[in-house]
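Data first, discussion second: the structure below is written as structure tokens.
What follows draws every value from the coordinates through simple rules; no lab data is involved. Computed from a predicted structure; not experimentally measured. Because the Cβ atoms are built from the backbone with ideal geometry, glycine has one as well, and the counts that use them run over all protein chains shown.
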Amino acid sequence: MNKPATLVVIALVLTGCGGGGDGSPAGAEAPGPAPCAGSCATASSLLSGADVERVISQAVAEAAARGQPSTIAVVDRVGNVLAVFQMTGAPTSVTITSGTGVTGGLEGVNIVPATMAAIAKAITGAYLSSEGNAFSTRTASQIVQQHFNPGELLAPSGPLSGVQFSQLPCSDLAGRFGGGPADAGPKRSPLGLAADPGGFPLYKAGTPVGGVGVIADAIYGLDLSISDQDSAVDELVALAATFGFAAPSDRRGDRISADGKTFRFSDAGFNDLLTAPASAPAFSAINGVDGILLAVPGYAAATVQAGVAFGQPNSGVQADPAGFPGLDAFVLVDDAGQPRYPPVAGSEALGALTAAEVRELLSSALSVANRARAQIRRPLETAARVTISVVDSAGNVLGIVRSRDAPVFGIDVALQKARSAAFLSSAVADAAVTGVPDAVYLDGGLVVLASSSPSAYLPAAQAFLGLPAAFTDGALAFSARSIGNLSRPFYPDGVDGQGPGPFSKPLSAWSPFSTGLQLDLAYNAVIQHVAFVLGSAPDVPPNCTGISGFNTGFAVVSPIAGLANGLQIFPGGVPVYRGATLVGAVGVSGDGVDQDDMIAFLGVAEATVALGGLGAPGNAPRAIRSDTLLPSGARLRYVNCPQAPFLDSTEQSACGGL
């Protein structure tokens, strides 16, 4: 590569390749108060039926101009599917592939309905975004691969590596389509979060109101390199769909950085389109002509629905000033507006967390978040916005609270992190995983490629750590960060040429669609849900583990209650102890991973003080934390707290000495 070309590539990487260079033309962004920082959403902040029709019409016009019939899905901010439109001649199924040549896991599965892919993309755009940040499925692609940035050798894995297996259709937290109008969320995603470009958030007056997802090319994949600009038809059609609802340009991922690297938002700009979206035909002119509205089992009727307004009771998220006074707290509620997860006591016979202690753990962590400087939000000097979960040692939910405007994806992920830390710090992990059925991998269609046994990973970890009793005696405390260290295709993380962590597939068999223990625990449930949407199996139960393969009829066998919404493998969760006894865990998600770590760890420490110290619940004793271990000569990490993390203090080392 000659020098000028090299400089161009470097410049593109550093700027995040925001598209065709035109920014957002007049009319692309809906008028309204700007910039918003978490307080713009009102009871009117929703997608109307007419809005949904306009989004679809704009997408259809661009797809038709390109000769690329597409499937288009529109969702609201909490994941209600408002419409799915499939153009005549559009591919009806997609193949899941990373393009790396890996086999196993979800790689090569080619029976997935295109509707599932489009919905997953739309939900990803909606769930990753807030008034402070706008992320797309291209952003997701950047942050889930084996290096950050993808293609950069000797770089750690993506900061959210593993987040693709959240919001799973088997989650016990996520709501399910009830057959009527949009209602309380958050709702599940049919394939978890998507990394395939072609999913964007939708905004009105500076606040996110939903997302749009498009699949035209029959490939559900990702972008393996960000050193160039792609011309991806899914992304171009989806971008056209966002006209009039585009993310504010100063909130897009290409204006936000982590580890000194700018996020990607889109490789396409509005000047790359073949159509003028504002001139797209009316929906009445295309419906039944260019394609039809589809009913999708478990997600949508063949109609256009209006969405719900985020933060209002019927969205499933509302303010709770009485329960958490002075903290600007929000909680999850049901369709009747009643709290779903108010603070309750744990289930342990001895030493269980009390409801008052759970409330203090939630309050202290939320207080830390309100003081913490956000990593992935604008404007700068904004407080972190997160979801905080507390569970007992068996993974039972004891309480959930949220910051104002925290991204929706963090609700399910915070619970995954808490449960993962509690489960792998317990004495029952090895025995529980041993009882889980093998993941029955498919070779494209309904042909068995191979089986992968979840029960093999924990003995491998015991050998890797040099501790035969690990995961059987409860003598070690594992945080979400240390679980992530053990789940990467290189150990230490990002060091090419090294072998994998024991919870990961080796690099030759690893991809974001074939991760290791995390996916193998839930693989059969994902495939059962694909079969359900195809009409050939019942829907998955609300537990992602303990499902046997399709060849045995997806029987429920030894589900792990403590991992009901799946294992998570990136930072932001710590176990909680009373003395040396495990009594639960705290999980945090929604901001940078170091911020999530700090809010969880420091929140527990501050709760200990507030509850009187001796005898109160607290962080794991130092002597049993996983960072006492040096497998392969490299120390496991426990938590990583950012420097100078607070908006109201110059303190440099907030977690030092704890």
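For the stretch 460-533, which chymotrypsin sites (Phe, Trp or Tyr not before Pro) pass both filters: DSSP loop (anything but H, G, I, E, B) and at most 12 other C-beta atoms within 10 Å?
Details: sites: PHE464, PHE471, PHE478, PHE490, PHE503, TRP510, PHE513, TYR523, PHE532; in loops: PHE471, PHE478, PHE490, PHE503, TRP510, PHE513.
For chymotrypsin sites (Phe, Trp or Tyr not before Pro) across the stretch 460-533 that sit outside H, G, I, E and B with at most 12 neighbouring Cβ atoms in 10 Å, the list is empty.
With a ≥ b ≥ c the root eigenvalues of the C-alpha gyration tensor of the stretch 82-134, is it rounded (a/c under 1.5), prolate (a/b larger than b/c) or oblate?
Numbers: a/c = 3.08, a/b = 1.28, b/c = 2.40.
Taking the square roots of the gyration eigenvalues as a ≥ b ≥ c, the stretch 82-134 is oblate.
How far is helix 355-371 tilted, in degrees, relative to the longest principal axis of the Cα atoms in the chain, given as a value from 0 to 90 rounded to the nearest 10?
Rounded to the nearest ten degrees, it is 60.
Give the span of the stretch 212-276's Cα atoms along each principal axis, as three whole-Å numbers ordered largest to smallest.
Result, largest extent first: 35, 28, 19 Å.
Give me the angle, in degrees from 0 to 90, between the Cα long axis of helix 3-15 and the longest principal axis of the Cα atoms of the chain, rounded to the nearest 10.
70
Per-residue HN-Hα couplings for the stretch 620-634, Karplus 6.51 cos²θ - 1.76 cosθ + 1.60 at θ = phi - 60°, whole Hz, x for Gly and Pro?
4, x, 4, 5, 10, 5, 5, 6, 7, 9, 10, x, 6, x, 10
How big is the stretch 429-563 along each principal axis, measuring the range of its Cα positions in Å and listing the largest first?
Principal-axis extents of the Cα atoms in the stretch 429-563, largest first: 45, 33, 21 Å.
Please enumerate, by chain and number, the lysines with C-alpha under 22 Å from the C-alpha of LYS417, excluding those fewer than 8 residues away in the same chain.
Leaving aside lysines fewer than 8 places away in the same chain, those within reach of LYS417 are LYS187, LYS505.
Taking the Cα atoms of the stretch 352-455, report the difference between the largest and smallest coordinate on each principal axis, in whole Å and largest first.
Sorted largest first, the three principal extents are 52, 38, 17 Å.
What number, rounded to the nearest 500 deg cm²/dmol, is the helix-based mean residue ellipticity at 222 nm of the chain, given -39500 (n - 2.57) per DSSP H run of at least four residues and division by all its residues?
Details: 13 runs with 153 residues, N = 658.
Computed mean residue ellipticity for the chain: -7000 deg cm²/dmol.
7 Å from Cα along Cα→Cβ at both ASP230 and THR650: what's the point-to-point distance in nm?
Label at ASP230, label at THR650, 4.7 nm between them.
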